[in-house]
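Asker: Below are the structure tokens for one structure; questions will follow.
The values are calculated or read from the model by the stated rules, or taken from the named source; none is laboratory data. These numbers were taken from a predicted model, which means no experiment stands behind them. With ideal geometry, Cβ positions are generated from the backbone for all residues, glycine too; neighbour counts draw on all protein chains shown. In case anyone asks, the SASA skips ligands and DNA or RNA and just uses the protein heavy atoms, side chains included. Shrake-Rupley method; radii C 1.70, N 1.55, O 1.52, S 1.80 Å.
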Amino acid sequence: MAATATACAGGETSGGSSTSVTGTNATAPALASTPQSGLLKGRSLPLEDYMQTYQQTVTITRAVGVLETRCMADYGFDFQPPEAGRTPPPNDNDANIERRYGISNRKIAEKYGYGLVEQGEQTGGKMPHLTASAALVLSGRSSRDEKTTSHSYQGKQIPEGGCAGDSVRKVGADDIDMSLASKLAYDSLAKSQESAKVRAALESWSTCMKGKGYTVATPFDAADIGTAGSSGVTLALADIDCKAETGLVGIWFAEDTAIQKAQIETHHLELEEARKNNENAVEAAEKALRG
């Protein structure tokens, strides 16, 4: 979920020197770091400490936008990037803890079945229309470039990668790579599912589901056949009730946690470097937003 630079798009903006950025002082919609209810209430996995949170992503993206606006103003362009934080994801980070072992919250299932909680209107903005000159300054590349080329605009040198690349470097976002934690979390889920304790719990859960009229081997199979409407809700509730009866989620979470702790020991240096780079970028971003 690492932050990325604002992409460049072709089009037109008017000349000018405004450096205000709409929405940069707004607070990113808060996503709970742990489930607030359900079978996983208050729980988190070890690798989540090494993942970028949604609010961190928004902070960095907003700061990059502010710096792009200031940089573009130095070349006479009034550039306003899309406001960040208007399309919140279902989860705070890549662990997807609340649905990692299938659905786990009965209150949500009662209303949505296997569907996602409505996050409100998704109002992500579009890149402004840029002239060829503005696009050149923002990206550092012209439409004719086939390879990296040094450019200037009205006698002023354009930084490498344009204002977009320069802004990313200023907050250190180019040093962020949180992919290792995400990969390890994916691996731990797969490995934990094959552990003897989880397989036994899955068999118990499957037997429970059969008693409720459903022939499914895993919660993921149940989600695949879950449908909208009352039938989907009924299946989802049976799924969660069988998890509660068999203790599946707690057993799976414990196995997953143990595997992740071992992974962290093995990859400690790489994970700590990634976390530090992310923290440094967030600090630089917060400073840029303060002006």
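Asker: Of the residues in the stretch 175-202, how many are open to solvent by 60 Å² or more (accessible area, probe 1.4 Å) and at pLDDT 95 or above?
Answerer: Number satisfying all stated conditions: 9.
Asker: Which one is farthest from A109 (Cα to Cα) among residues in the stretch 32-67 that are part of a loop (DSSP other than H, G, I, E, B) and of a type in the set (D, E, K, R)?
Answerer: Among residues in the stretch 32-67 that are part of a loop (DSSP other than H, G, I, E, B) and of a type in the set (D, E, K, R), the one farthest from A109 (Cα to Cα) is R43.
Asker: So S167 fits all but one of (1) out of contact with any Gly (no Cβ under 9 Å at 6 or more places or on another chain); (2) part of a helix (DSSP H, G or I); (3) not aromatic (F, W, Y); what number is the exception?
Answerer: Of the numbered conditions (1) out of contact with any Gly (no Cβ under 9 Å at 6 or more places or on another chain); (2) part of a helix (DSSP H, G or I); (3) not aromatic (F, W, Y), the odd one out for S167 is (1).
Asker: With the requirement that a residue be open to solvent by less than 20 Å² (accessible area, probe 1.4 Å) and more than 9 Å from the chain's Cα centre (by Cα), what does the stretch 86-106 give you?
Answerer: A95, I97, R100, Y101, G102, I103, S104, N105
Asker: Could I ask something else about it? Exactly one of these conditions fails for W205: (1) buried (at least 21 other Cβ atoms within 10 Å of the Cβ); (2) within 22 Å of the chain's Cα centre (by Cα); (3) aromatic (F, W, Y). Give me its number.
Answerer: Of (1) buried (at least 21 other Cβ atoms within 10 Å of the Cβ); (2) within 22 Å of the chain's Cα centre (by Cα); (3) aromatic (F, W, Y), only one is false for W205: (2).
Asker: Next question. Let me confirm something: among A238, A254, A285, A281, which residue is over 30 Å from L180 (Cβ atoms) and either surrounded by 13 or more Cβ atoms within 10 Å (Cβ to Cβ) or free of Cβ contacts under 8 Å to residues at least 24 places away in the same chain (or both)?
Answerer: After applying the criteria, what remains is A238.
Asker: Restricting to the stretch 107-145, and then to whatever is closer than 30 Å to D241 by Cα, at pLDDT 70 or above and not aliphatic (A, V, I, L, M), can you tell me which residue is least open to solvent (accessible area, probe 1.4 Å)?
Answerer: So the residue we want is G113.
Asker: I'd like to check something: does the stretch 66-73 contain any residue that is over 13 Å from the mean Cα position of the chain (by Cα), open to solvent by 40 Å² or more (accessible area, probe 1.4 Å) and at pLDDT 95 or above?
Answerer: So far as the stretch 66-73 goes, yes, one or more of its residues are over 13 Å from the mean Cα position of the chain (by Cα), open to solvent by 40 Å² or more (accessible area, probe 1.4 Å) and at pLDDT 95 or above.
Asker: May I ask you to verify whether T27 is open to solvent by 30 Å² or more (accessible area, probe 1.4 Å), closer than 18 Å to A288 by Cα and modelled with pLDDT under 80?
Answerer: Criteria met by T27.
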